[in-house]
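Below is one structure, written out as structure tokens; the observations come after it.
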Amino acid sequence: MTQYFLTIPHDTAEEPTMVSMQELDPAELEAMMAAVDKFNTDLNAAGAFITAGGLQPPSTAITVDATGTETTRTPGPFVEATEYVGGFWIIEASDEERALTWAEQASAALGSRIEVRALQEEPEQD
């Protein structure tokens, strides 16, 4: 089966975190967390869950470049963008259609868009 990377885009200007999520309406936050918990439970029950996580905002990133004669560590993300990946799931699905169905459920649970990309597979050995 193919593994898929489901990502949650966030607006760079907002940089939501678990702390800032506490500022949401408590009933809305509770409903969203329950919906995400159900989604994760359904993924696990189907044997599709690999891993998931939330990422700290880009302002916390450090970009490391050891491709030259000197290694550099630059505060900030490697690319400036209006949106960034704020969280993700890696799931396993029989095909792209099944992965997209999971993404639709994730989108509904979070009230957010979800990007779906297959992970590269190792080339077949002859």
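The values are calculated or read from the model by the stated rules, or taken from the named source; none is laboratory data. As the structure is a computational prediction, the values presented were derived from the model and not from experiment. Because the Cβ atoms are built from the backbone with ideal geometry, glycine has one as well, and the counts that use them run over all protein chains shown.
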Checklist entry - Is there a residue being farther than 22 Å from D11 by Cβ, basic (K, R) and surrounded by 12 or more Cβ atoms within 10 Å (Cβ to Cβ) anywhere in the stretch 67-87? => result no
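This table checks each residue for (1) touching a strand residue (DSSP E or B) at 6+ places or on another chain (Cβ under 8 Å); (2) at pLDDT below 95; (3) in a helix (DSSP H, G or I); (4) not polar (S, T, N, Q).
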{"position": "F5", "(1), (2), (3), (4)": "yes, no, no, yes"}
{"position": "A13", "(1), (2), (3), (4)": "no, yes, no, yes"}
{"position": "L24", "(1), (2), (3), (4)": "no, yes, no, yes"}
{"position": "A34", "(1), (2), (3), (4)": "no, no, yes, yes"}
{"position": "S59", "(1), (2), (3), (4)": "no, yes, yes, no"}
{"position": "E70", "(1), (2), (3), (4)": "no, no, no, yes"}
{"position": "A81", "(1), (2), (3), (4)": "no, yes, no, yes"}
{"position": "Y84", "(1), (2), (3), (4)": "yes, yes, no, yes"}
{"position": "I90", "(1), (2), (3), (4)": "yes, no, no, yes"}
Checklist entry - When only residues in the stretch 92-107 that are touching a helix residue (DSSP H, G or I) at 6+ places or on another chain (Cβ under 7 Å) and either of a type in the set (G, A, S) or modelled with pLDDT under 95 (or both) count, which is surrounded by the most Cβ atoms within 10 Å (Cβ to Cβ)? => result A106
Checklist entry - Does at least one position in the stretch 85-96 carry a residue that is small (G, A, S), within 30 Å of E122 (Cβ to Cβ) and touching a Phe, Trp or Tyr at 6+ places or on another chain (Cβ under 9 Å)? => result yes
Checklist entry - Mind checking which pairs have a first residue in the stretch 69-83 that is touching a residue at least 12 places away in the same chain (Cβ under 8 Å) and a second that is surrounded by 10 or more Cβ atoms within 10 Å (Cβ to Cβ) and of a type in the set (S, T, N, Q), Cβ under 7 Å, 6 or more apart or different chains? => result T74/T63; G76/T63; P77/T63; F78/T63; A81/T12; T82/T12; E83/T12
Next on the checklist: Considering only the stretch 33-53, I want to know if a residue exists there that is touching a Leu at 6+ places or on another chain (Cβ under 6 Å), in contact (Cβ under 8 Å) with a residue 24 or more places away in the chain and under 24 Å from E121 (Cβ atoms).
Outcome noted: yes
